[in-house]
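Below: one structure, written as structure tokens.
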Amino acid sequence: MAIKGSLKEASLPDVLQLLALGQKTGCLSIADRSNFGYIYFDKGRICYASIVNRRDRLGDILVKHGTISPDQLDAAIQLQFRERDRKLGEILVGMGVLTQEDLERYMRVQIEESVYYLFTWTQGTFNFEAEVRPEQQDFLVSISPESLLLEGARRVDEWSLIQKKIPSFDLIFLADKEHLAIGEGLTDTQERLLPLLDGSRDVNQVIEDSGLAEFEVGKAVYGLITAGFLRRAGRTASTAPQHVTDARVEEHRNLGVAFYKTGMLDEAAREFRRVAELRPGEASAPFYIGLVALKQARWRDAVDALRLAAEQGGARAAVFHNLAFAYEQLGRLEEAEALYAEAVQRARTDALVYLGWGIVALKRGDAASAAGRLDHAKELLGQTPPPTWFWARALTAACAREFELA
């Protein structure tokens with residue numbers, strides 16, 4: 001059963017305690033405007049957490065603690081660029097600069113930092129889907145939510161103070177060199193940030209360039225402002241036309257996929273419409289908009305979106321498969337038959353395509369074709385077919401007057 005609500009009505013720590021007490025397993029997704037994060041639970045304990053479009057902090061954490069050098073991190077990132085299927089932690093272990101034990105310890109730190117940052121979100125919504133598990137990760141942890149509440153509460157209190165000095169991350173600060181010349185007692189983090197606080201970067205960019213977590217940067221900048229070492233130099237102009245970059249499109253695409261996977265369909269459609277606005281020829285945007293329409297049983301809207309996806313270069317088996325299903329729901333079986341045939345040409349080993357193709361043949365009254373396609377789907381599955389297959393195969397046998405088989 002899904003659990004939904006507003007963070008204004010129930011704080012994230014309260015939700016975590018509820019899930020822990022109920023020993024729930026599943027995914028808690030949290031959305032705050034254009035930000036999206038998720039926490040996975042296994043029997044009431046946190047096993048993974050991440051924030052969409054947030055820079056992976058593992059490498060930065062390892063460098064900060066002196067476990068690896070900046071040069072070793074750069075070498076690992078270059079290797080990951082060539083071998084995209086490998087995780088950064090796996091590469092560092094393979095290079096011999098990090099032990100598996102250290103990797104697991106710092107992965108836990110990264111997951112805890114993600115949860116702490118989510119604690120600072122006081123607006124937006126949450127949605128818990130039971131029995132949803134994380135995709136394959138380097139390492140899954142087992143953390144009691146209660147163990148994070150005290151530190152989380154402390155950070156929330158500090159964050160409320162930080163926001164009074166830094167109400168928005170689009171603010172730009174400049175170091176006051178005269179005050180710095182007579183100042184002393186700066187922390188290591190403040191010393192590290194000072195060269196970046198040169199009046200050319202907003203706080204968001206300082207976070208990105210420093211590789212530090214939002215809380216660390218916010219706390220350090222707050223201290224520098226309070227001591228009189230920084231002054232506000234402006235803010236990033238939000239009204240100026242923004243250059244459409246690959247990173248910006250990817251950000252909206254990542255958010256859209258994350259919303260879609262957690263069942264937040266309206267939010268997913270919003271993000272993919274934004275991708276379509278920024279990149280009108282992007283085939284993935286209408287494809288996902290079509291998938292959302294299918295989930296919401298808006299068959300005609302799904303047809304329009306998926307046809308556009310096919311026209312824009314998305315002539316993949318998945319596009320034809322879903323488009324065929326939409327036509328099938330509209331009762332346009334001839335068109336569905338042709339589209340399933342197109343999908344089969346592109347995915348000859350996809351059992352679900354053959355299953356759908358068989359059902360369309362059954363609806364068209366072609367029992368012989370339906371039987372052949374359904375039997376081939378069963379061969380491809382190599383395991384017990386889904387209930388839909390048994391339903392379709394029994395009806396096909398009955399139509400062919402094979403009552404014992406039915």
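Details
- Residue among Gln78, Gln110, Gln123 that alone is touching a helix residue (DSSP H, G or I) at 6+ places or on another chain (Cβ under 9 Å) and in the same structural domain as Asp14 (by TED's automatic domain parsing): Gln110
- Segment 271-300 - residue that is acidic (Asp, Glu) and either touching a residue at least 12 places away in the same chain (Cβ under 8 Å) or outside the structural domain of Lys261 (by TED's automatic domain parsing) (or both) and, of those, nearest to Ala317 (Cα to Cα): Glu282
- From Asp157, Asp176, Asp170, residue being touching a Ser or Thr at 6+ places or on another chain (Cβ under 6 Å) and surrounded by fewer than 17 Cβ atoms within 10 Å (Cβ to Cβ): Asp170
- Hits in segment 187-209 - residues which are under 20 Å from Gly59 (Cβ atoms), under 29 Å from the mean Cα position of the chain (by Cα) and of a type in the set (D, E, K, R): Glu208, Asp209
- Residue match in segment 86-102 (condition: among the aliphatic types (A, V, I, L, M) and modelled with pLDDT under 85): yes
- Residues of segment 144-154 that turn out to be surrounded by 17 or more Cβ atoms within 10 Å (Cβ to Cβ) and not in a helix (DSSP H, G or I), as a count: 1
- Residues (touching a Leu at 6+ places or on another chain (Cβ under 9 Å) and not polar (S, T, N, Q)) located in segment 98-110: Leu98, Asp102, Leu103, Tyr106, Met107, Val109
For every residue, the table says whether it meets (1) modelled with pLDDT of 85 or more; (2) more than 30 Å from Gly44 (Cβ to Cβ).
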site	(1), (2)
Leu150	yes, no
Arg154	yes, no
Asp176	no, yes
Gly185	no, yes
Pro195	yes, yes
Gly199	yes, yes
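- Residues of segment 340-392 satisfying the condition of being of a type in the set (S, T, N, Q) and either in contact (Cβ under 8 Å) with a residue 12 or more places away in the chain or within 13 Å of Ala317 (Cα to Cα) (or both): Gln345, Thr349, Thr388
- Boolean, Glu151 is among the charged types (D, E, K, R), under 19 Å from the mean Cα position of the chain (by Cα) and assigned by TED's automatic domain parsing to the domain that holds Gly44: no
- All positions within segment 244-253 that are farther than 15 Å from Asp32 by Cα and modelled with pLDDT of 80 or more: Arg253
- If you go through segment 1-24 and keep only what is surrounded by 12 or more Cβ atoms within 10 Å (Cβ to Cβ) and hydrophobic (A, V, I, L, M, F, W, C), you end up with Ile3, Leu7, Ala10, Leu12, Val15, Leu16, Leu18, Leu19, Ala20.
- Residue match in segment 72-87 (condition: of a type in the set (A, V, I, L, M, F, W, C), touching a residue at least 40 places away in the same chain (Cβ under 8 Å) and in a helix (DSSP H, G or I)): no
- Selection within segment 308-364 - among the small types (Gly, Ala, Ser) and touching an Asp or Glu at 6+ places or on another chain (Cβ under 7 Å): Ala317, Ala336
- Filter pass, Thr189 being among the hydroxyl-bearing types (Ser, Thr, Tyr), buried (at least 16 other Cβ atoms within 10 Å of the Cβ), touching a residue at least 24 places away in the same chain (Cβ under 8 Å) and not assigned by TED's automatic domain parsing to the domain that holds Arg86: yes
The values are calculated or read from the model by the stated rules, or taken from the named source; none is laboratory data. Predicted model, so just to flag it, every value in this text is computed and none were measured. We place every Cβ from the backbone using ideal geometry, glycine too, and count neighbours over all the protein chains shown.
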